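Peer 1: So that we are looking at the same thing, I have put the structure below in structure tokens.
The values are calculated or read from the model by the stated rules, or taken from the named source; none is laboratory data. Keep in mind that this is a model prediction, so the values were computed, not measured. Please note: Cβ atoms are built from the backbone with ideal geometry, for glycine as well, and neighbour counts cover all protein chains shown. Accessible surface is based on the protein model in full, side chains and every heavy atom, while ligands, DNA and RNA are left aside. Shrake-Rupley method; radii C 1.70, N 1.55, O 1.52, S 1.80 Å.
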Amino acid sequence: MNKYYVKDGIYYLDFELSKLEFELFREFEDMLLKKGYQYLSLPSAGSWDVIEKQEVVTKEYSLGIDERHALFGSAEQGFLEYFQNTEVKNELFLFSFNECFRNEQDLNGMKSLREFKKLEQFCFCKPENALKCFNELLNNSVEFLKKYNIEYRIVDKTKDDLGYHIKKYDIEVKTKMFGWLETHSCTYFGDEQTKRLNIKGGLHTISNTGIASPRILIPFIERIEKEKTL
């Protein structure tokens, strides 16, 4: 097969790119573990109720299983369902890896898919530490991109994107295929999510893409193709 192909919003990788994808995820996980983040195993499906309360990956963009359950579009939804109706007293720095599913209407190669893999960073923080924690999660992703000399820019989407976030930055990487391509979103929600999901303790939430595939593979693929032409 070719190095990759996409069919009906589902992507397939050859052995070389599969190995690269595996190694990139493991490397990001190792980095977070060394920084003291805790891994939490989360499912790729859960209740419609959490999707409706989270209201980031909305019901319109979610793939249903039955009347009660749907496939999650992000591990953020899994974190919220896990901690729903509990009390979180101390700050937590977490991450999880899962398959993400979205009812994308505008499928576009490796940019917009119905299924992809993502490692999500998630933080419960004290309100007075929110900016510090936001920058930490954002910089974890920046640190990773810098290591591989991937050209990137940070875009303030706080006012441009709809939603109840207080602060939102996207990271975009430069690609030949799609121009500037969003690969990460770092979002501070204040106490809105904890209120919606009845998570007591007075903490705020922040989520950030650690690494999402196959989007993150695009600059690597372009680099490999360029090197072969030299």
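Peer 1: Relative to the present Cα-Cα distance, how much length would full extension add between E23 and K147 at 0.36 nm per residue of separation?
Peer 2: 43.2 nm
Peer 1: Taking the chain as a whole, which cysteines find no other cysteine Cβ under 4.7 angstrom from their Cβ?
Peer 2: If one checks each Cβ against the other cysteines of the chain, C100, C123, C186 turn up with nothing under 4.7 Å.
Peer 1: Please work out how much length the chain gains when fully extended from E67 to N139, using 0.36 nm per residue of separation minus the C-alpha to C-alpha distance, in nm with one decimal.
Peer 2: Values: separation 72, 0.36 × 72 = 25.92 nm, distance 3.93 nm.
Additional length available on full extension: 22.0 nm.
Peer 1: Let me know the charge dipole size of the stretch 61-186 about its Cα centre in debye, to the nearest 20, where only the beta-carbon of Lys, Arg (+1) and Asp, Glu (-1) is charged. List each step's numbers first, then the result.
Peer 2: On the way: 18 positive and 21 negative charges, 90 e Å.
Using only the charged Cβ atoms, the result is roughly 420 debye.
Peer 1: Roughly how many Å² is the accessible area per residue of the chain, as a whole number, for a 1.4 Å probe? Each step should come with its number before you reach the end.
Peer 2: Working: 11680 Å² over 230 residues.
With the other protein chains kept in place, the chain gives 51 Å² per residue.
Peer 1: Here's another thing I want to ask about it. First compute the accessible area of the chain with a 1.4 Å probe, then give the percent of it belonging to carbon and sulfur atoms.
Peer 2: The nonpolar share, carbon plus sulfur, comes to 49 percent.
Peer 1: Right, something else. Nothing charged except the Cβ atoms of Lys and Arg (+1) and of Asp and Glu (-1): what's the magnitude of the dipole of the stretch 78-130 about its Cα centre? Round to the nearest 20 debye. Can you show the working numbers first?
Peer 2: Details: 7 positive and 9 negative charges, 28 e Å.
For this selection, approximately 140 debye.
Peer 1: Then there is this: If R₀ is 41 angstrom, what is the calculated FRET efficiency for the pair K226 and I166, using the beta carbon separation as r and rounding to 0.05?
Peer 2: 0.55
Peer 1: Among F124, Q54, C100, whose Cα lies farthest out toward the positive end of the dipole of the chain, if unit charges sit on the beta carbon of Lys, Arg (+1) and Asp, Glu (-1)?
Peer 2: Positive-end residue among those listed: F124.
Peer 1: Across the chain, what fraction of all alpha-carbon pairs, as a whole percent, falls in each successive 5 Å bin from zero upward?
Peer 2: 1, 7, 14, 18, 21, 17, 12, 6, 3, 1, 0, 0
Peer 1: Run through the stretch 71-174 and list the GluC sites (Glu not before Pro) located in a DSSP loop whose Cβ has at most 12 other Cβ atoms within 10 Å.
Peer 2: Sparse-neighbourhood loop GluC sites (Glu not before Pro): E151.
Peer 1: Normalising by the residue count of the chain, find the relative contact order in percent from Cα pairs under 8 Å and 6+ residues apart.
Peer 2: Numbers: 445 pairs, mean separation 46.7, N = 230.
Contact order relative to length: 20 percent.
Peer 1: Pull up the cross-link candidates among the aspartates and glutamates for K176, meaning alpha carbon to alpha carbon under 12 Å and not fewer than 8 places away within one chain.
Peer 2: E151, E222, E225
Peer 1: Please work out how much length the chain gains when fully extended from I10 to K174, using 0.36 nm per residue of separation minus the C-alpha to C-alpha distance, in nm with one decimal.
Peer 2: The I10-K174 span can extend by a further 56.7 nm.
Peer 1: Right, here's the next one. Under 13 Å from the Cβ of S185, count the other residues' Cβ atoms, weight Lys and Arg +1, Asp and Glu -1, and hand me the total. Display every interim value, and only then the final one.
Peer 2: On the way: positive: K118, K157, K167, K168, R215; negative: E76, E120, D156, D160, D161, D170, E172, E182.
Neighbour charge sum, excluding S185 itself: -3.
Peer 1: Another question, if that's okay. When the dipole is taken about the Cα centre of the chain, and only Lys, Arg (+1) and Asp, Glu (-1) are charged at their Cβ, what size is it in debye, to the nearest 20? List each step's numbers first, then the result.
Peer 2: Working: 33 positive and 38 negative charges, 102 e Å.
For the chain, the charge dipole is close to 480 debye.
Peer 1: For the stretch 69-153, what does the relative contact order come out to in percent, with C-alpha contacts under 8 Å and a separation of six or more?
Peer 2: Relative contact order for the stretch 69-153 comes out at 28 percent.
Peer 1: Straight-line reach only, C-alpha to C-alpha below 13 angstrom: list the aspartates and glutamates that K132 could link to, leaving out same-chain residues fewer than 8 apart.
Peer 2: E91
Peer 1: Return the calculated 222 nm mean residue ellipticity for the chain, to the nearest 500 deg cm²/dmol, obtained by summing -39500 (n - 2.57) across DSSP H runs with n ≥ 4 and dividing by the residue count.
Peer 2: -9500 deg cm²/dmol
Peer 1: Going from most exposed to least, what order do M177, M110 have by accessible area with a 1.4 Å probe?
Peer 2: On the way: M177 85, M110 5 Å².
If we order M177, M110 from most to least accessible, we get M177, M110.
Peer 1: Can you flag which of K117/K228; K35/K157; K3/K168; K3/K167 are past 31 Å Cα-Cα?
Peer 2: As for pairs spanning more than 31 Å Cα to Cα, those are K3/K168; K3/K167.
Peer 1: Turning to a different aspect of this structure: Net charge within 13 Å of D30 by Cβ-Cβ distance, Lys/Arg positive one each and Asp/Glu negative one each, not counting D30 itself?
Peer 2: 0
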